[in-house]
Amino acid sequence: MALRSAPPRAAKPKPKTPGLTSELFRNPKVPFALALIFADAILVVLIIAYVPYTKIDWDAYMSQVSGFVGGERDYSNLKGDTGPLVYPAGFLYVYSAIQYVTGGEVYPAQILFGLLYIINLGIVLFIYLKTDVLPWWALSLLCLSKRMHSIFVLRLFNDCFATTLLHAAMASLLYQRWHLGLIIFSGAVSIKMNVLLYAPSLFLLMLKGMDIVGVISALAGAALVQILLGLPFLISHPIAYISRAFNLGRVFIHFWSVNFKFIPEPLFVSKELAVSLLIAHLVLLAAFTHYRWCKHEGGLLNFLHSRFVSWKKSGNSGSSFKILNKEHIVTTMFVGNFIGIVCARSLHYQFYSWYFYSLPYLLWRTPFPTLLRIFLFIGVEICWNIYPSNAYSSALLLCLHLVILWGLWSAPPEYPYVDHKAHKEKRKEK
């Protein structure tokens with residue numbers, strides 16, 4: 001009599017690994033972040049409803065856009081009541097769309113910028129949650145700036161769109177989406193060139209996180225964005241477009257300076273000051289790159305040599321790149337931009353948006369006690385809310401910036417790479 005084989009045991013189903021959404025919601029900080037977004041949305045509605053709009057650049061924006069929509073392609077002829085157009089072509093496309101949607105009216109534009117404010121806040125909170133540097137209660141600092149609310153919904157500056165796209169690019173980089181991040185980054189540059197302050201840090205991260213083919217193709221994609229956006233002007237009047245949209249030698253008005261008002265105006269507008277600040281900027285970037293951002297690779301020169309050897313050995317097969325730590329990406333980007341802020345000859349009031357959203361992160365990257373971090377944050381905010389700025393407020397702002405920069409220099413650098421085994425196991429689980 002033949003023996004009947006036992007039926008095979010049913011395989012135990014593998015436990016489901018939570019996806020990105022459920023993973024985020026398991027973070028106890030997420031409900032607090034959502035509450036912040038909701039509360040800030042209410043505040044934005046109240047500001048739009050009850051706080052008078054301040055006319056600064058809106059009419060000039062609409063005049064410049066009207067010239068573009070009317071068929072003008074010579075940048076030297078695109079002007080407004082505050083002067084000639086000095087932003088790249090992306091600015092014109094964005095504000096042409098805004099003019100089309102709002103009819104050039106301020107109130108509907110404020111509603112649009114209110115939505116933009118909330119979107120930007122959501123992206124920034126996402127970055128903070130993924131890096132997990134701040135305690136939960138410190139996330140509220142991102143919603144407590146009077147000046148930032150004013151810049152977005154009472155001034156309607158183009159800095160708002162550039163800043164939002166920059167943060168979206170950083171969110172892409174956290175997931176190693178380098179090509180997408182570079183395209184979004186280039187879009188931000190096309191609205192306002194201040195985003196280029198992030199470029200040195202971004203290039204270093206690309207060298208760390210990509211192979212040589214990836215670096216070249218990502219840079220080519222970013223360049224292609226600029227060419228396509230500027231094409232109507234490059235074809236018709238290329239010199240006028242390049243000289244005005246990408247003018248790096250502009251001299252700002254001394255009266256509007258928030259950071260160097262204590263310097264006499266003749267020195268403020270001098271080439272000597274501009275060159276000195278540029279040298280300081282380059283030296284600081286080199287020092288942070290060598291001693292902080294590339295410390296675990298043995299310094300900048302050793303890192304560049306090792307990458308060259310690695311690319312050569314891999315034969316551009318794509319196997320030479322490493323997965324970068326999220327904290328390292330955000331720290332390098334935020335600190336690199338902050339160095340540019342410290343060395344900027346002139347910071348106007350809307351320029352606060354260039355680095356405000358990085359301030360809490362930077363402060364919690366320093367070794368300072370929490371109370372000092374709070375005082376530094378409040379001090380910076382107070383300086384930006386003094387109008388008009390004066391010698392004392394600008395000197396105080398510079399001192400606060402230097403204290404924060406010293407704290408960032410004193411902090412031990414984080415390890416830049418993710419452990420490969422842990423990363424592979426996590427991907428298999430997903």
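The values are calculated or read from the model by the stated rules, or taken from the named source; none is laboratory data. This one's a predicted model, so the numbers in the text were calculated from it and none came from an experiment. As a convention, Cβ positions derive from the backbone with ideal geometry for all residues, glycine included, and neighbour counts pool all protein chains shown. Ligands, DNA and RNA are excluded from the accessible area calculation, which covers all protein heavy atoms including side chains. Shrake-Rupley method; radii C 1.70, N 1.55, O 1.52, S 1.80 Å.
For the structure I just gave you, tell me whether SER320 is open to solvent by less than 50 Å² (accessible area, probe 1.4 Å), part of a helix (DSSP H, G or I) and modelled with pLDDT under 90. Outline the logic, then answer.
Values: open to solvent by less than 50 Å² (accessible area, probe 1.4 Å): yes; part of a helix (DSSP H, G or I): no; modelled with pLDDT under 90: yes.
Here the answer is no, as SER320 does not meet what is asked.
Restricted to region 76-100, and to residues that are of a type outside the set (Ser, Thr, Tyr) and surrounded by fewer than 18 Cβ atoms within 10 Å (Cβ to Cβ), which residue is nearest to SER190 (Cα to Cα)? Quick ask: steps written out before the conclusion?
Start the filter on region 76-100 by keeping residues that are of a type outside the set (Ser, Thr, Tyr), which leaves 77-81, 83-86, 88-92, 94, 97-99.
From what is left, the residues that are surrounded by fewer than 18 Cβ atoms within 10 Å (Cβ to Cβ) are 77, 79, 81, 83-84, 86, 97.
Working: ASN77: 19, LYS79: 18, ASP81: 22, GLY83: 19, PRO84: 17, VAL86: 11, ALA97: 15 Å.
Among residues in region 76-100 that are of a type outside the set (Ser, Thr, Tyr) and surrounded by fewer than 18 Cβ atoms within 10 Å (Cβ to Cβ), the one nearest to SER190 (Cα to Cα) is VAL86.
Here is a list: ILE127, ILE47, ILE111, ILE37. Which entry is part of a helix (DSSP H, G or I), open to solvent by 20 Å² or more (accessible area, probe 1.4 Å) and under 24 Å from PHE351 (Cβ atoms)? Walk me through how you get there before you give the answer.
Working: ILE127 fails: open to solvent by 20 Å² or more (accessible area, probe 1.4 Å); ILE111 fails: under 24 Å from PHE351 (Cβ atoms); ILE37 fails: under 24 Å from PHE351 (Cβ atoms).
Of the residues listed, the single one that is part of a helix (DSSP H, G or I), open to solvent by 20 Å² or more (accessible area, probe 1.4 Å) and under 24 Å from PHE351 (Cβ atoms) is ILE47.
Each row is one residue, and each column tells you yes or no for (1) farther than 30 Å from THR331 by Cα; (2) in contact (Cβ under 8 Å) with a residue 60 or more places away in the chain; (3) over 22 Å from the mean Cα position of the chain (by Cα).
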position	(1), (2), (3)
VAL225	no, no, no
SER236	yes, yes, yes
ILE239	yes, no, yes
LEU248	no, no, no
PHE262	yes, yes, yes
VAL275	no, no, yes
ALA280	no, yes, no
VAL283	no, no, no
PHE288	no, yes, no
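Enumerate the helices (runs of 4 or more DSSP H) found wholly within region 230-317, keeping only those where 2 or more residues are crowded, with 17+ Cβ neighbours inside 10 Å. It would help to see each step written out before you state the result.
On the way: elements: 238-245, 265-268, 271-288, 300-314.
Counting at least 2 such residues, we get 238-245, 271-288, 300-314.
Hey, can you tell me all the residues within region 371-388 that are touching a residue at least 24 places away in the same chain (Cβ under 8 Å) and surrounded by fewer than 18 Cβ atoms within 10 Å (Cβ to Cβ)?
ASN385, TYR387, PRO388
Exactly one condition in (1) under 21 Å from the mean Cα position of the chain (by Cα); (2) at pLDDT 95 or above is false for PHE375; which is it?
(1)
Quick check on region 189-206. Is at least one of its residues free of Cβ contacts under 8 Å to residues at least 60 places away in the same chain, under 29 Å from ILE47 (Cα atoms) and not in a loop (DSSP other than H, G, I, E, B)?
Keep residues of region 189-206 that are free of Cβ contacts under 8 Å to residues at least 60 places away in the same chain, which gives 195-196, 199, 203, 206.
Next, from what is left, pick out any that are under 29 Å from ILE47 (Cα atoms): 195.
Within this subset, residues satisfying the condition of being not in a loop (DSSP other than H, G, I, E, B) are 195.
Yes.
Is region 263-283 home to any residue that is under 22 Å from ALA395 (Cα atoms), touching an Asp or Glu at 6+ places or on another chain (Cβ under 7 Å) and not basic (Lys, Arg)?
Scanning region 263-283 turns up no residue that is under 22 Å from ALA395 (Cα atoms), touching an Asp or Glu at 6+ places or on another chain (Cβ under 7 Å) and not basic (Lys, Arg).
Kindly indicate which of ILE151, ILE123 is more than 28 Å from ALA218 (Cα to Cα) and under 17 Å from the mean Cα position of the chain (by Cα).
Unique residue meeting the criteria: ILE151.
Can you give me the number of residues within region 130-144 that are aliphatic (A, V, I, L, M) and assigned to a loop (DSSP other than H, G, I, E, B)?
First, the residues of region 130-144 that are aliphatic (A, V, I, L, M): 133-134, 138-139, 141-142, 144.
Within this subset, residues satisfying the condition of being assigned to a loop (DSSP other than H, G, I, E, B) are 133-134, 144.
Looking only at that region, the number is 3.
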